[in-house]
Structures are given as structure tokens and as C-alpha cells.
Amino acid sequence: MSLEKGAAPVWEQRYRASISFLPEWSPGSPDRCVYASNESGVWQVHAWDRFAGDRRQVTNSLVGLIDGVPTYDGDGILWFEDETGAESGRWLVQPFGGGKARAFLEGVPHGWSEGLTQAPGIVAAGISDRDGFGVHVSLDGGRAREVHRSSQSVRIGSVDQHGFLRGGLSADGSLLCLEHAEHGDLIHPALRVIEPRSGATAGEQLDPDMSLLAKCWSPVPGDQRLALEHEREGETRPGIWDLASGERRDLQLELVGEVRVEDWWPDGSALLLKNLVEGRHRLLRFEFRSGELQAVPTEPGVIWKARVRPGGRVWFLHEQANRQRRVVDDTDAEVLPPRGDPSPAARPYQSWHFPNPHGQRVHGFFVTPDDRGGPFPVMMFVHGGPTWLDTDSWQPEVQAYVDAGFAVGLVNYRGSTGYGRDWRDSLIANIGGPELEDVNAGLRDLVERGIADPARAVIAGYSWGGYVTLLELGKHPDLWSCGVAGVPVGDYEAGYEELSPLLQAYDRALLGGAPSDVPELMRDRNPINFADDVRAPLFITIGQNDSRCPYRQAMLYVEKLAARGHPHEVYVFPTGHAPFDVDEKVRQIRRILEFLGRHVPGVRAAAV
């Protein structure tokens, strides 16, 4: 997308710069790639024939799409079609060279996708609906049949990796790994391997009160080794489960921080690992025979995904807070150059530590408008999840607030990932407490450093960050001059029944039951119960078809503010949890900046 210099504020130019996800390929046709990009102005699926050099837009979704994959043989392109933004739909396929799209799997009901995986002659798909979770298998393009069903969460292995899932079906299609919560705990899933043609169980792995995730099968046909991630050492670590022998080997690595599995080398001799330490990644090659670790050359920053090409070259998706996302290889060559103008550079993040009220060391990042030191108006921008984290990543929204004159604090509160199992699990049966303590300790630290002006403090965030924002405004009203709550949880109890089945299972694991099962927790940690105590002006965005933080429960919170005439603004957009339309996102940020300009002294109106 072309944009003349000076035609828009710098923050908007960053939003409109083209970025892409890592191209996906299949073992059957590695030069036919599929990727998602925003280059048309709406996130869509694109096809790329590396041999011919051709790139074309495949989808024209009104909602937008951020995930597409090739069929195993490379003759087709697959995507999950969601027509409203509610994330419920069906799989479609189109010929790689173009043509009419059609339903991909006959016999699979509409619902929420829990992953799709392919091997020669076989496809397996997970779908959830109000009746539970089902796994469906299609052989040789035939009608799919259900081979497993449960009332508890069951998903295809490696589903959260998106793209061409390599933790589902083994390379020869004889085994299928499922991540499940049939022991009653979605936050700590277990693994089950079944024979996909019969549904018979071939193996089980359960680490009580710890998470197990399937990552990728060996790419060598007949090799039944599955790379997984476990938490037996407190941090995420790699392991190998050999279904042929039934043995599991947890790899012993002298590394600080979490270590995740990204891929195998094509001959099965080594693993590609990703090491996260305080919000920044590096890549490593682990040799099975020698046990040696070798660094894969990368710059500092965040690596969202990495894969090993058939010839051994590593492709990965890399970014830094001050530089937009790039698809590069291990020689730092650009694999998929973006179309259109490059993004203007942005301010770098500074890694940051401070103590919380319990004496624990909290980590995060902060970014300032310039190097003069402050005090600046400050925004505490709270990440969602809650099982997620802030990293040294490209966030145009954060940089828009920096352009406007804010220092921005990003706190990896208790409940965040990347800091060990115990840190993440601090919120179980205790939501809405530790997050506020840690965010407020971060604000206090920035004030003590002379970076933040406490009289001009703003609380903001999306999803779980929106939940924390509403609780902060209700429980700590004296701290904040205003708030911005994006797609928030406003009434926890009212929203539960409208969540997707997966999110309901997540809530039960997080809360210790459904909201109705924990009335004391809900009394003290449900934002709507404190709406009458809110004093600061509030801006709220709500997705009309959101199945994660549903529209109705958010509007119940808004109605309570309106009943007492409290100053607030509501922006409703027509899709789901997040807009994949660049114009829509720009409209939202412009409205938020205008709101902040009215309520926070010293915010630069010219940034709008």
C-alpha cells in the first residue's frame, strides 16, 4: 500500500506499512507457500509460488483472515472462513492457481476450529460447538467421520502454532496427537496419541498440575518421535516422546529462561529451539547425537515463529519494538520483502525491573517519547491473556501513544507467561488481584524514577488488559486520570454463557469452576460490581460479534456507567475480538487519541 510522505501522522504510517506472517509450506510441495498479510488494507491470505516468483491475494474476506495453509500436495489453499468475526465457521479450499472456493471437509459441522492437520491421504480436524469437542478424520478426500468426542477441551496437537500444524498427524499419518483437558484442567493440558483411522489410543502423557504441549513430529516417515514441551523443571522445556518405544526423554539444557520447540531439521538429526529471556528471543540448534547447542544467527528482538526449510535454511519472523516485522532467514536475507512503503522507525523499549508489594521482582518494558527524562504523562498499557506477555515487539498502538507524548509502561504481571510455571499460575482462583498489585507497583516505580507524572496517569489495555483496566478504575480510582478499555470483560458472570466452548473451559480452569461456582471471587473481582466507584472518564471499544469478551456483558457495564451519568465514550465495531481491517484500527486509534487529548494535559493534539 503506497502512502505519500506527510499524508498521514507518523503513527498512522506505521499502521499502514505492510507486514506479513511467516509463509507456510507443506512437505509435499515446499515451493508453494501461503501467508497472511495486511498489504491490501485488510488482513487476507496470499499465495506465493517461489519457483515462478508469483504472489497473489487469495481471499477477500470482509472480516479479515490471519491464517492460511497449503494442502499437503500444494495443489490447494486452505483457510477457516468466519463471516462475522465470532470465530465460528468452516474450512474452505481453493486451487493454488486460483478459482472457486468450496467446502474442504464434508461431514464436519460448523463451529470453532480446534485445528487442522494433514499427512499423505489423511486430514484430521478439531471442531467445538455447544455440544462439545469433536475430532474428525477424512481419508483420501472422502467424507469425514468423527473419531473422538468429549465434553472437555480436545484440540489438535500444536493448534496454537497456527499454519501447517506439525504436532497433529505424524509424517506418515499413522498417529494423531491431541491436546486435551479431559482431566479437567485446560491451563495444564495433557497429551493423547490415537490411531486416527480407528480412534484407538496409542499413548498418554499427563504431568499433573503442569502443562504439556505437542509441537512437531519427526519429518522422517515412520519415525514416531514427537517433540513436546513440558514444565517439570518449572520453566518450559523441550522433550521427546517416542511412540514406538513409549519412552519419553526430557532434554537437559543449561539455559536460563523458557525453551520452546520450533521445528526439526529435515533428516531428524536436530531440533530448532527458541529461548526466551525477559521478552527477547534467540534461536538454537540442538544436535541429538552430541547433545551440542549451536546458536542460529539472529538479531536481538522477538521471533514469533521459525521453521527449517528442506535444504536446512531457517526462516523466521522477526521484529523489535523500534522496527517493523520482517520475514528473514539465518543469513539475515529478506525472504518475503513487504510491498509498499516501509514503516517509519519508532522508539526502542527499555527492559525494566521493579519490586511488587510482596518483594517479588517483576519484569517489563517502558518506552519514553525522548531521552530528556520526564516526567511525562504515563500510560500503563496492560497485556491481554492473561497467559501472555509483553515482549520487545513491534506495537504501532504503543508507539502512537509515545508520539502523543506518553511514557508507556508494559508490565509482565503475575499470570504472564515466560517467567515460569509458578508465576503464570499465580492467578488461578485469584484473578483480578495480583495483576493490579504489579501494575500499580510499576506505576509507582516509574514515578519514583522521575519518568511518570502521577497526576497524568492513564490505565489501558485490551481483552484481559481491558478487564484489568475496569477493575483498576473501580478499585483504585484515585490513581488514574482516565482509562481506555478495549474489548473488556465488564461483567464476568453475564458473559460466561456466550463464550466459545474453549474459553468456557479456560475460565473453569482459571477460576476453579464456572463463575456461578465461585461467588465470593466474583463479588470481589467482577468489574461491574465496582462501576459505581469509577471517577475517571473512560473510553471503551466493543466488538459486536465477539465470542471472547461478548458484546452484551460489556454493554451491561456501560449501562451502569450511563445510569449515573458518568463521562464515558463507547465505540462499537462490527466484527469480533479484534479488527483485521487497517482502516478500522486507524479509526479506533484516532478516536482514542482524541479522547486522551481532551482528558490528559500535555498530550500533543498534533499526533492525531
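The values are calculated or read from the model by the stated rules, or taken from the named source; none is laboratory data. Computed from a predicted structure; not experimentally measured. Reconstructed Cβ throughout: ideal geometry from the backbone, glycine too, with neighbour counts over all protein chains shown. The accessibility values were calculated without ligands, DNA or RNA, using every heavy atom of the protein model including side chains. Shrake-Rupley method; radii C 1.70, N 1.55, O 1.52, S 1.80 Å.
Using only side-chain charges placed at the Cβ, +1 for Lys and Arg and -1 for Asp and Glu, the dipole size of the range 239-334 relative to its Cα centre rounds to 280 debye. In sequence order, the range 480-491 has phi-based couplings of 10, 8, 6, x, 10, 10, x, 5, x, 7, x, 10 Hz under the Karplus curve 6.51 cos²θ - 1.76 cosθ + 1.60, θ = phi - 60°, and Gly or Pro positions carry x.
What number comes out for accessible area per residue over the chain if the probe is 1.4 Å? Units Å², please. About 37 Å² of surface per residue is accessible. Placing +1 on the Cβ of every Lys and Arg and -1 on the Cβ of every Asp and Glu, with no other charges, gives the chain a dipole of roughly 1040 debye about its Cα centre. Shown here for the range 520-608: chymotrypsin sites (Phe, Trp or Tyr not before Pro) in loop regions (DSSP other than H, G, I, E, B) with at most 14 other Cβ atoms within 10 Å, of which there are none. Decide, for the range 456-608, between rounded, prolate and oblate: order the square roots of the alpha carbon gyration tensor eigenvalues as a ≥ b ≥ c, take rounded if a/c falls under 1.5, and otherwise choose prolate if a/b is larger than b/c, else oblate. In terms of gyration-tensor shape, oblate.
Along the range 42-59 the Karplus relation, 6.51 cos²θ - 1.76 cosθ + 1.60 evaluated at θ = phi - 60°, assigns HN-Hα couplings of 10, 4, 9, 7, 10, 10, 9, 8, 5, 5, 8, x, 8, 10, 8, 7, 9, 9 Hz to successive residues, with x for each Gly and Pro. In this simple spin-label approximation, Gln360 and Glu204 carry label points 7 Å from Cα along the Cα→Cβ vector, and these lie 3.2 nm apart. Each Lys and Arg contributes +1 and each Asp and Glu -1, all at the Cβ; summed about the Cα centre of the range 418-487, the dipole is approximately 140 debye. Which shape class applies to the range 1-114: rounded if a/c is under 1.5, otherwise prolate when a/b exceeds b/c and oblate if not, where a ≥ b ≥ c are the square roots of the Cα gyration tensor eigenvalues? Taking the square roots of the gyration eigenvalues as a ≥ b ≥ c, the range 1-114 is oblate. Annotation: His136 carries an accessible surface of approximately 10 Å², with a 1.4 Å probe and no ligand, DNA or RNA atoms counted. Of all aspartates and glutamates in the structure, those lying under 19 Å Cα to Cα from Lys560, and not within fewer than 8 positions of it along the same chain, are Glu472, Asp491, Glu493, Asp524, Asp532, Asp533, Glu569. Summing charges over all other residues whose Cβ lies under 9 Å from the Cβ of Asp263, with Lys and Arg as +1 and Asp and Glu as -1, gives +2.
When you filter the GluC sites (Glu not before Pro) in the range 282-365 for DSSP loop state and at most 16 other Cβ atoms inside 10 Å of their Cβ, you are left with Glu292. Working note: 222 nm ellipticity from helices only, DSSP H runs with n ≥ 4, each -39,500 (n - 2.57), summed and divided by the residues of the chain, gives -5000 deg cm²/dmol to the nearest 500. Take the alpha carbon atoms of the range 341-365, find their center, do the same for the range 166-196, and report the distance between the two centers in whole angstrom. Distance between centres, Cα-based: 36 Å. Name the shape class, rounded, prolate or oblate, that the alpha-carbon gyration tensor gives for the range 492-582, where a ≥ b ≥ c are the square roots of its eigenvalues, rounded holds for a/c under 1.5, and otherwise prolate holds if a/b is larger than b/c and oblate otherwise. Oblate, because a/c is 1.5 or more while a/b does not exceed b/c.
Grab the beta carbon distance between Leu253 and His183, set R0 = 22 Å, and tell me the FRET efficiency rounded to 0.05. Once the sixth-power term is evaluated, E becomes 0.20. Quote the FRET efficiency, to the nearest 0.05, computed for Ala514 versus Asp267 with a Förster distance R0 of 56 Å and r equal to the Cβ-Cβ distance. With a Förster radius of 56 Å, E is 0.70. When the solvent-accessible area of the chain is split by element, carbon and sulfur atoms take up 49 percent of it, the probe being 1.4 Å.
Taking trypsin sites (Lys or Arg not before Pro) across the range 22-80, the ones in a DSSP loop with at most 15 further Cβ atoms lying within 10 angstrom of their Cβ are Arg50. In order along the range 435-440, phi translates into HN-Hα couplings of 4, 5, 4, 6, 5, 5 Hz, rounded to whole numbers, per the Karplus curve 6.51 cos²θ - 1.76 cosθ + 1.60 with θ = phi - 60° and x for Gly and Pro. Across the options Cys33, His599, Ser426, the greatest Cα extent toward the positive end of the charge dipole of the chain (unit charges at beta carbon of Lys, Arg, Asp, Glu) belongs to His599. Taking every DSSP bridge with both residues inside the chain, close to 80 percent are antiparallel.
With the charge dipole of the chain set up from +1 on Lys and Arg Cβ and -1 on Asp and Glu Cβ about the Cα centre, the Cα lying farthest toward the positive end among the listed residues Thr201, Pro477, Gly126 is that of Pro477. Computed from label points 7 Å out along Cα-Cβ, the spacing between Arg232 and Glu497 is 4.5 nm. Be a star and scan the range 393-417 for residues whose amide nitrogen sits under 15 Å from the point 7 Å along the Cα-to-Cβ vector of Val10. Answer for the range 393-417: 395-408. For the pair Asn322 and Asp75, label points projected 7 Å from Cα toward Cβ lie 5.1 nm apart. Scoring 436-442, 460-466 by mean Cβ neighbours within 10 Å over their residues and listing the highest first yields 460-466, 436-442.
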